[in-house]
Amino acid sequence: MTEEIAIDLGTANTLIIHSDKVVVDSPSIVARDRISGKIIAVGREANMMQGKTHENIKTIRPLKDGVIADFDASEKMINMFIKGIPALKKMWFPPALRMVICIPSGITEVEMRAVRESAERVNGKEVYLIHEPMAAAIGIGLDIMQPKGNMIVDIGGGTTEIAVIALGGIVCDKSVKIAGDVFTNDIIYYMRTQHNLYIGESTAENIKIEIGSAIDDLHSPPEDKSIQGRDLLTGKPKQVMITYREIAKALDKSIVRIEDAVMETLSQTPPELAADIYNTGIYLAGGGSMLRGLDRRLSQKTDLPVYIAEDPLRAVVRGTGIALKNLSRYKNVLIK
Ligand SMILES: Nc1ncnc2c1ncn2[C@@H]1O[C@H](COP(=O)(O)OP(=O)(O)OP(=O)(O)O)[C@@H](O)[C@H]1O
């Protein structure tokens, strides 16, 4: 008896599809007890501990900057997520698994082997890997097998992956380590330097999601937000009000780097495929693409229409799930 699962192993979030349903959608974080070395929590539970741990507990993001930073923690995290799938938990013995795992395209051969071996150790009997932009394109609903160029920009947590795909292959691509995590750090830096306010990662991420913007002339701007943190001069807790325009200023430098990477990839695109992209535009996926005004800003920069995928946080896992259900159709795309 074989069960099928599709995994999007992201630096920020891990998602798993089983029986056509998203059964895991959790931050890629583990909490480890420093003394026993044991993993005491994964996903949401570990995320809630972030920034609030004492010295015996350490929270780790096993995948960072689009690469695997901690092999052991990654494997344990995958293991615990799979074991937690309700339908599999009910079974008498662990079923054999057919898996398609989506990996950041920047990872090395050694890391790829490590992911595969981790999957085999959790009973993966048939394991396929797929690169992120490919899975995103399938998840967006593009027919990647056509002799037609499509440009995908996947802005995740650790990396932004830009790829031109045609005939089931990546024709040219670029991966930059500027994405959601860097945006969050930009906000921390801005608050520290402009407001003398020290804030943690979770607070900065909330600011980004609630009032973050890539441009300073939004059509429907979010309300100003009050931010609490620690005053760097007095050491006392303090509150300041922030506008979305300030966040746009804080993120500007990083967004320029994403724009440059997109322009560079466009300039390397063969002319026939460039003509296709002129007609079809650019597709955005990944959580970072939800930053307000980013689509408009990229469209102004490239003079091309820019579309955001439906439910951008799930486009990659959706595509991974479709590849799993159509293994023979996508056999040339999957890495065995
Ligand atoms: N509404 C939002 N506005 C801006 N950023 C957001 C929003 N929602 C989520 N994000 C950011 O999206 C990022 C996570 O996106 P996603 O889950 O696509 O990344 P990932 O696939 O785990 O990472 P990677 O592709 O680097 O492996 C996080 O940095 C998160 O803060």
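The values are calculated or read from the model by the stated rules, or taken from the named source; none is laboratory data. Keep in mind that this is a model prediction, so the values were computed, not measured. Note: ideal-geometry Cβ built from the backbone for every residue, glycine included; neighbour counts use all protein chains shown.
Tallying residues that are crowded, with 17+ Cβ neighbours inside 10 Å and either within 25 Å of G293 (Cα to Cα) or within 16 Å of the ligand (Cβ to nearest atom) (or both) within the stretch 188-205 yields 8.
Restricted to strands (runs of 3 or more DSSP E) entirely inside the stretch 202-320, those with at least 3 residues that are of a type outside the set (S, T, Y) are 225-231, 237-242, 282-285. Output the residues belonging to the stretch 65-111 that are basic (K, R) and either buried (at least 21 other Cβ atoms within 10 Å of the Cβ) or within 22 Å of the chain's Cα centre (by Cα) (or both). Once the filter is applied, which keeps residues that are basic (K, R) and either buried (at least 21 other Cβ atoms within 10 Å of the Cβ) or within 22 Å of the chain's Cα centre (by Cα) (or both), the stretch 65-111 yields only K76. Name the residue that is surrounded by the fewest Cβ atoms within 10 Å (Cβ to Cβ), counting only residues in the stretch 282-316 that are more than 11 Å from the ligand (Cβ to nearest atom) and charged (D, E, K, R). Checking each candidate, the answer is D303. Inclusion of G51 among residues that are within 14 Å of the ligand (Cβ to nearest atom) and assigned by TED's automatic domain parsing to the domain that holds N123 is not warranted.
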